[in-house]
Structure formats: structure tokens, C-alpha cells
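A.B. asks: Okay, handing you the structure first.
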Amino acid sequence: TERFFTVQVGSFGARTNAQNLNAKLTQEGFSPYIVQMNSQGKILYRVRIGKLNSREDALRLAERLKKQGYPTRIFP
């Protein structure tokens, strides 16, 4: 199992909303991706950025995103 850190910037019940945010982040120079998850019987589409080796790198990315107005959450 590959272990890495990633920054989540959105979680949506509608795939279209996730795709719109994904496109916006791509235009801003990021490399986002969408993860489909099942949470309590509902499908959620989570927009995340990065597969970083360290939590420190994830914190730096999260700070950069926060300054641009995005909510952030670091995983794992």
C-alpha cells in the first residue's frame, strides 16, 4: 500500500460540482484529482491535490491553497 499525504479542497454529492472545481484548480496550475468514496451509503466525490511524501509538504500546499480561499483538509 502506497502511503502519502494529500490535501482535500472539496467534497461533493454531485460529480459535476467536483468536476467543476477540478477544472478550476487545473486552470490555476494545480494537478487535482477526484476520489469517489462511499460514506454512510452516499457516494461522495472528493477533490484532492498532491501525493506528497511528508506532512510538512502537505501543510505548505494547504497554506498556499488557503491563501487562495480554498478550505483544506490533509489526509491521511
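The values are calculated or read from the model by the stated rules, or taken from the named source; none is laboratory data. Since the structure is predicted, the reported quantities are computational estimates derived from the model, not experimental observations. All Cβ positions, glycine included, derive from the backbone under ideal geometry; neighbour counts span all protein chains shown. Areas reflect the complete protein model, heavy atoms only, side chains present, ligands, DNA and RNA absent. Shrake-Rupley method; radii C 1.70, N 1.55, O 1.52, S 1.80 Å.
A.B. asks: When you scan segment 14-29, how many residues do you find that are open to solvent by less than 60 Å² (accessible area, probe 1.4 Å) and within 20 Å of PHE75 (Cβ to Cβ)?
C.D. replies: Result for segment 14-29: 4.
A.B. asks: Then there is this: Residues that are touching a residue at least 40 places away in the same chain (Cβ under 8 Å): find the strands (runs of 3 or more DSSP E) completely inside the chain holding 3 or more of those.
C.D. replies: 5-12, 42-52, 73-75
A.B. asks: Applying the selection to segment 23-76, what residues are β-branched (Val, Ile, Thr) and under 12 Å from GLY10 (Cα atoms)?
C.D. replies: ILE34, VAL35, VAL47, ILE49, THR72, ILE74
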